[in-house]
Amino acid sequence: MAIDVYPEGYSGEYNRKTTDYGNGRIEITAYHYPRIRHTGERRFPSAKKKNPVLSDKAQEERTRRQLYAIRRRIKGYALANDFKWFATLTFNPEKINSLDYDTAKTALLKWCRLMRDRYNKFDYLMIPELHKSGAVHFHGLLGDIPAGFAESVNPKTGKTVIRHGRQVYNLTDWEYGFSDCEMIESPERAATYITKYITAALLTDKEMYNKKRYFNSQGLAKPEVAFEMRDNEELSSFTPNFGVMETGSDGENVLDVGIYKLVADRETGALSQTDTDYLITAKTSQKPG
């Protein structure tokens, strides 16, 4: 039974963080030792402020925390919304100068508005990736729209393109170049895959200074996050999908941090577990983020 439940931003002690994605997906992070959360503790000087002066170590820590915060936000959007397609959109240099980030970004957002007007509703979550050449392309998640998805065909063999046993599609509505799309089979895997494009290099690249690192349609659902003090023993019937083990002062191993991916029954709220993949690691001297 919960002792207390606090909204995200609560300053106080907690031993459980629960993320409710609003569609039955629940992620619980349980801590063996209670932690303290302070509102604003992860804030850093804004890059918009004139000439922020940070040491190399402080800048590295700032980037690490920004990376974590943006990845968490992207993952939240990915799991709280019913995206159908994973897409990679690249530019034809004869149509768009993808070496200029602002030009490419403007073209992408213009296209997104066109898609929204054409289909009345267009959910998207897009992340830029900078190629070594300096050209930019975008990876993203797209909602279920009646757009022109055509089976991709190998021009040399004339056969449809199958990747890892899955059909690859081209988005014929993408007017500026080339596209590569696959239907999402596992929202969890899609969320993991899309967040990997938020990298330290993306945050620190001079071309991306003071520019947005991702783009999303308005009205996307967001997960609800609560910090609680609870008896985590009730989670013992579930397998932690990720865990960090620590050896206590008595020499016994304890699960210092456990992350559980669960499903909540829409009517009763009862929790169950369908994803039993797990990874257990030993705690290092560095404190987890």
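Details
- Residues in segment 9-57 that are at pLDDT 70 or above, more than 23 Å from Ala78 (Cβ to Cβ) and either in contact with a Leu (Cβ under 8 Å, 6 or more places away or on another chain) or not in a strand (DSSP E or B) (or both): His32 only.
- Members of segment 90-101 found to be surrounded by fewer than 18 Cβ atoms within 10 Å (Cβ to Cβ) and under 23 Å from Ser152 (Cα atoms), listed by number: Asn92, Pro93, Glu94, Lys95
- Neighbours by Cβ (under 8 Å, 6+ apart or cross-chain): first from segment 202-223, at positive phi and surrounded by 16 or more Cβ atoms within 10 Å (Cβ to Cβ); second at pLDDT 95 or above and part of a loop (DSSP other than H, G, I, E, B): none
- Of all residue pairs spaced 6 or more apart or on separate chains, those with beta-carbon atoms under 7 Å, a first member in segment 137-159 that is open to solvent by less than 90 Å² (accessible area, probe 1.4 Å) and a second member that is among the small types (Gly, Ala, Ser) are His137/Ser98; Gly140/Ala87; Leu141/Ala78; Leu141/Ala190; Leu142/Ala87.
- Screening the candidates Ala80, Ala104, Ala87 for the property of being more than 15 Å from Asp180 (Cα to Cα), hydrophobic (A, V, I, L, M, F, W, C), open to solvent by less than 20 Å² (accessible area, probe 1.4 Å) and in contact with a strand residue (DSSP E or B) (Cβ under 6 Å, 6 or more places away or on another chain) yields one hit, Ala104.
- Set side by side, the residues Asp265, Asp231 differ, and just one is in contact with a Ser or Thr (Cβ under 9 Å, 6 or more places away or on another chain), acidic (Asp, Glu), modelled with pLDDT of 90 or more and surrounded by fewer than 16 Cβ atoms within 10 Å (Cβ to Cβ), which is Asp265.
The values are calculated or read from the model by the stated rules, or taken from the named source; none is laboratory data. Here the structure is a predicted model, which is why all the values come from computation and not from measurement. All Cβ positions, even for glycine, are placed from backbone atoms using ideal geometry, and neighbour counts span all protein chains on display. When the accessible area is computed, the model is the full protein with side chains, heavy atoms only, and any ligands, DNA or RNA have been set aside. Shrake-Rupley method; radii C 1.70, N 1.55, O 1.52, S 1.80 Å.
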